[in-house]
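See structure below.
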Amino acid sequence: MGGASGEYHKGMSVRNSRALSTGRGAKSKSGTRATRSSMIITTAEEIRQRQIYLYEAGKDPEERDYHTSAHTKDPSVLLPSQNSMLGSDGLACKSGPAGLEMAEIPTLQQVSGKNKITPPEKESIWIRLFRQIFAGIFNVLLWCTIVVEIGLIYTGLSDDAITPIILAAVVISAGLLQWWTELKAESMMDALSGMQATAPVPVVRRSKGKRMELMIECDDLLPGDVVFLKSGDRIPADVRILWCTDGMEVDNAALTGESIPEPRDPSTAEEGSPPSHARNLAFYGTTVVKGNATAVVFFIGDSTFLGKIASSIQSARSKSTLEIQIEHFVHLIAVVAIIVGVASLIATSVSGHDLGEIISTSVGALFAQVPEGLIPTVTISLMIASQKMSDRNVLVRKLDAVETLGCVSVVCSDKTGTLTKGDMTLREMVYFAKPGSMSTDTDFAKTNPKDDVGLGSKMLRAAVRNNATVVQGPGNYTGSPTEVALMKAGVEAWGEAGAKEVMGTDTLYEIPFDSANKYMFVAEPAPDGGQIFSLKGAPERVLKFCKYVYVGTGAKASVQPMTPEMLDAISAGAKGLMKTARRVLGIAEKRANFPADYDWDKATGDHAKANFLPDMVFIGLFGIQDPPKAGVKEAVEDCHDAGVNVIMITGDHPDTGTAIAKEISIIAEGDDKLPFTIITDKELADKVPSGDTFVDDGSEEALRLEAFWTQVVVHARVFARVTPIHKQLIVQALQKWGGKRPDGKVYGDIVAMTGDGVNDAPALKQANVGVAMGIRGTEVAKDAADIILLDDEFSSIVLGIEQGRLSSENLQKSIAYTLCSKVPQCIPNFMELVGVPLALNITQVLAIDIGTDIWTAIAYAWQPKESALMARLPRHPLVEKIVNSGVLIYAYGYMGMMQMACCWLAFFFLAPGMIANVGKGSYTPEEALINTTASTLYYYTLVVGQIAAAMATTTNAESLLKYMAPNMKLNICIVFEIAFAAAVIYVPSFQGVFKTTGLTTTQMLAPWGTFIIILICEEVRKSAVRSKQAPVAAPDGLKAGLLAS
């Protein structure tokens, strides 16, 4: 019913012939207008009532869940209810007037709207830019600092205009970078959408009793339109099948997750049967893979099955883990900064400074506690990770999703098209290589289409004789997936030319595959005269016609009578293939010698069964499967090594899902027998909450659900036959009851959901990180996702996890580095209370924070990983925060204390006479010079200490002797720090601003002892950490590293 559903009574302005006729006899102009208005409303309401008729009795069309009764209504009732009609030939509608009346189309269009799913509302790019620059508590804190600095300049209490300018530039630049990156990702999404245009649809309508055959754009289809579908077509709306060829199949993988196409049948379904299981319905966005059909449209746009799912994911996503982490850090730093600022205000007031100096120093002390490089470091770090992922065909739509991916503890993945190729593939051929036992052959390349003796060659040649057609090269096929799988095997073994040669052989007679017979029969001329009959299909159907069997070779002399022992061996072989989730086909052949002038066209199906099919010679079995993608098994094992569980969530059969899960290491051998490992829709039937999500209200339902799901989230590895709502609830359950820690506390798992279908979209939206496939993925899935895998490779997720962990680790290192200097920066203010001259003035603090530290902190974004990065358990943001007690102890209580001790040593002992100046209220010029020299030494020693901190914090546990200094940008920043410090000390104009003086050679070299002391202490600490590390390291490097030592 499109975007206008539920709005039929509003703003209608189009009249049809019925409305006009109703308006006769109007007496006045105003009366005519009123009458026409009421006529329009009546017409719109009539159409609305037609649509309501298509819903289940008592169901509200505006409900989120999908309901319809179209599949339970006979076409002779259904079409007239929509003012549509069947053709003169009945259900096929191939002749005579049929479909909707053209005169009613304008009104229908006004009422029903376009056959489009309403896209998610997009935020204005300018509002988004404003939000990136000014919104967020950290940005607010920085802008407040900038405003205070400007206020001090305006009131004449400060002349430092550089600090607010630089700080504002940093904040604006970071916002612009993130804004531009997300806009680029959005433009790529728009480009992907534009590549998926829909072809016009053949439709029949009627006009004044005449038949009109039209090609209608998909967007212009209306409820009641009669459409014609053929193999390869995308279903343009939700349709009720009126007529179809025998054996018609539809690929519902995008909606249901079923990897095997489902047959369609126009028969009316029983009252009360669910529409998702109805074989006479086909849904918007799915594909016809075999056969032709005539169908009537009953739902369009937002009212379709796809549209209902799309509308359920329109809600805003919750805050990312990075946003939560930064808010926590900002609150922490804000408290520290305010305490330090107030304490500095008191200290400077007691020390007798003038008002301007008191305010400037206090604001500077507060400002010194704020890590100004945080926002650009976060942005650049995530941009680098995003670019690295882009190089691997991974599109990051939301930058902070990268960091969240690094915290992921569970990856929930759809099977079809994500873990598997999404295409049926021939995996095995099984035949009697010797008497008494069947052998499995997987090397199809050794077969030859002209080889009449090899059983493998004979099997594959007969298999290629099917209805699949090679189109535009060996990579593009049409036909049913099973037939295409056999054709692909032939093309890959013999090349396209070889396969075409087999397909080019004349067909004398054919019985196509259909759901009733479950086999396909082909008769073709034999090269040496006579005919070759081949039969393939369900093993039990093929074996009914088999009297003999090939053993050893395909030569005539190798034909043996079929014995009960052979039947048992064939049955065991078929069961063995089925246990590994193979779709099993049997194949047989025989030689015939019908006359050359035999009239094959007159042979009926019954005649063929009686004369062609009996006494066939059984050749073997085919095992066909949608196989795992290359590299998926290794990617799953890499996830396990990184402490990340992988769970398969599929709409497919449990046996199919379990077999694939075993093959790609999701389930260890034997674990499928354990309780709760494999969960099916039957087990979930009564385990779904009555509301939209789980609640903790102590009710019987809540306790029952908790008892079930607390077991499931720990043990489940495969969920099979699940619906889209099930998928969403599984993610919710993991987020609620997963993530149990060793101390018994439950924090919830951080969940990544991968998928490509519409059925995955609600779960993609619910997950902490939604990952959609770019090639097979539907637009609904992509809109719901944060990350798009442009090449559909599941293995790219491991790269994403690694990049996410690296981003958060580098951010943590950057913050730790920045915080190291805060203690030695603020303590000099308080030392004035005991008579110590001010060791570090506000301009020197700003020289460290703005002149050097901010750029070095940003350089951490390019820091390469440590070797143990993916050997750690994932970091849970509620347990191991980026800025936690370990980071604060490291920065304030460990590194900061070492720096401060070295700074005071330099202050008192490298400036001769400094100790004598302690306690004096006034100073001679000579004593003032000593104070300036000591202050310069304190500043310079702190710079050297920060250089040591920059080197030390590049690794958590790995020795610098092994790690070295691979980050060239950080190395450049360190060189810049040294050069800038030298300029502050020796350039006369800088000396006046920063209140410094030139130092002697000894005074310049001695502080480097700080560098050596810190690095030696760090190497000892890291060595102790490495000796205590378990095989899987603790998740938080700095915290665990410090506390372990």
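Among the residues of region 545-572, just one is free of Cβ contacts under 8 Å to residues at least 24 places away in the same chain and in a strand (DSSP E or B), namely Pro561.
For region 563-577, residues that are surrounded by fewer than 17 Cβ atoms within 10 Å (Cβ to Cβ) and among the hydrophobic types (A, V, I, L, M, F, W, C) total 2. Inspection of region 716-728 finds a residue satisfying the criterion of being under 17 Å from Val411 (Cα atoms), charged (D, E, K, R) and not in a helix (DSSP H, G or I). Applying the condition of being farther than 18 Å from Thr416 by Cα and among the acidic types (Asp, Glu) to region 784-816 and asking which residue is modelled with the highest pLDDT yields Glu802. Mind listing whichever residues of region 766-786 are farther than 11 Å from Lys727 by Cα and not aliphatic (A, V, I, L, M)? Asn768, Gly770, Gly774, Arg776, Gly777, Thr778, Glu779, Lys782, Asp783, Asp786 - these are the residues of region 766-786 that are farther than 11 Å from Lys727 by Cα and not aliphatic (A, V, I, L, M).
Scan region 734-764 for residues that are more than 21 Å from His715 (Cα to Cα) and either of a type in the set (Asp, Glu) or surrounded by fewer than 24 Cβ atoms within 10 Å (Cβ to Cβ) (or both) and jot them down. Asp756, Asp760 - these are the residues of region 734-764 that are more than 21 Å from His715 (Cα to Cα) and either of a type in the set (Asp, Glu) or surrounded by fewer than 24 Cβ atoms within 10 Å (Cβ to Cβ) (or both). In region 497-512 there is at least one residue matching the filter, namely being of a type in the set (Asp, Glu) and free of Cβ contacts under 8 Å to residues at least 24 places away in the same chain. When region 533-548 is limited to residues that are surrounded by 21 or more Cβ atoms within 10 Å (Cβ to Cβ) and either among the hydroxyl-bearing types (Ser, Thr, Tyr) or under 13 Å from Thr507 (Cα atoms) (or both), the one that is farthest from the chain's Cα centre (by Cα) turns out to be Phe533. Being within 34 Å of the chain's Cα centre (by Cα) and either touching a residue at least 60 places away in the same chain (Cβ under 8 Å) or surrounded by fewer than 17 Cβ atoms within 10 Å (Cβ to Cβ) (or both) is a description that does not apply to Lys458. Across region 386-424, the number of residues qualifying as farther than 29 Å from Leu183 by Cβ, in a strand (DSSP E or B) and at pLDDT below 90 comes to 1.
Every residue, every condition in (1) of a type in the set (D, E, K, R); (2) touching a strand residue (DSSP E or B) at 6+ places or on another chain (Cβ under 6 Å); (3) outside any helix (DSSP H, G or I), yes or no:
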{"position": "Arg805", "(1), (2), (3)": "yes, no, no"}
{"position": "Gln812", "(1), (2), (3)": "no, no, no"}
{"position": "Cys826", "(1), (2), (3)": "no, no, no"}
{"position": "Leu840", "(1), (2), (3)": "no, no, yes"}
{"position": "Leu846", "(1), (2), (3)": "no, no, no"}
{"position": "Ile850", "(1), (2), (3)": "no, no, no"}
{"position": "Ala857", "(1), (2), (3)": "no, no, no"}
{"position": "Arg875", "(1), (2), (3)": "yes, no, yes"}
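Of the helices (runs of 4 or more DSSP H) lying entirely inside region 630-687, those carrying at least 1 residues that are closer than 29 Å to Ala871 by Cα are 632-641, 654-663.
Okay, residues lined up against (1) buried (at least 24 other Cβ atoms within 10 Å of the Cβ); (2) under 23 Å from Val944 (Cβ atoms); (3) touching an Asp or Glu at 6+ places or on another chain (Cβ under 6 Å):
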{"site": "Val798", "(1), (2), (3)": "no, no, yes"}
{"site": "Glu802", "(1), (2), (3)": "no, no, no"}
{"site": "Leu806", "(1), (2), (3)": "yes, no, no"}
{"site": "Ile827", "(1), (2), (3)": "no, yes, no"}
{"site": "Gly835", "(1), (2), (3)": "no, no, no"}
{"site": "Leu846", "(1), (2), (3)": "no, yes, no"}
{"site": "Thr852", "(1), (2), (3)": "yes, yes, yes"}
{"site": "Leu873", "(1), (2), (3)": "no, no, no"}
{"site": "Glu880", "(1), (2), (3)": "no, no, yes"}
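Looking across region 862-891, the residues that are modelled with pLDDT of 85 or more, of a type in the set (A, V, I, L, M, F, W, C), within 26 Å of the chain's Cα centre (by Cα) and under 20 Å from Ser381 (Cβ atoms) come down to Trp862, Met870.
Filtering Asp626, Asp638, Asp597, Asp606 for residues that are acidic (Asp, Glu), without any contact (Cβ under 8 Å) to a residue 24 or more places away in the chain and more than 16 Å from Tyr519 (Cβ to Cβ) leaves a single hit, Asp597.
Listed by first and then second residue, the pairs linking a residue in region 160-179 that is in the same structural domain as Phe994 (by TED's automatic domain parsing) to a residue that is of a type in the set (Lys, Arg) and in a helix (DSSP H, G or I), with Cβ atoms under 6 Å apart and 6 or more places separating them unless they lie on different chains, form an empty list.
The values are calculated or read from the model by the stated rules, or taken from the named source; none is laboratory data. Predicted model, so just to flag it, every value in this text is computed and none were measured. All Cβ positions, even for glycine, are placed from backbone atoms using ideal geometry, and neighbour counts span all protein chains on display.
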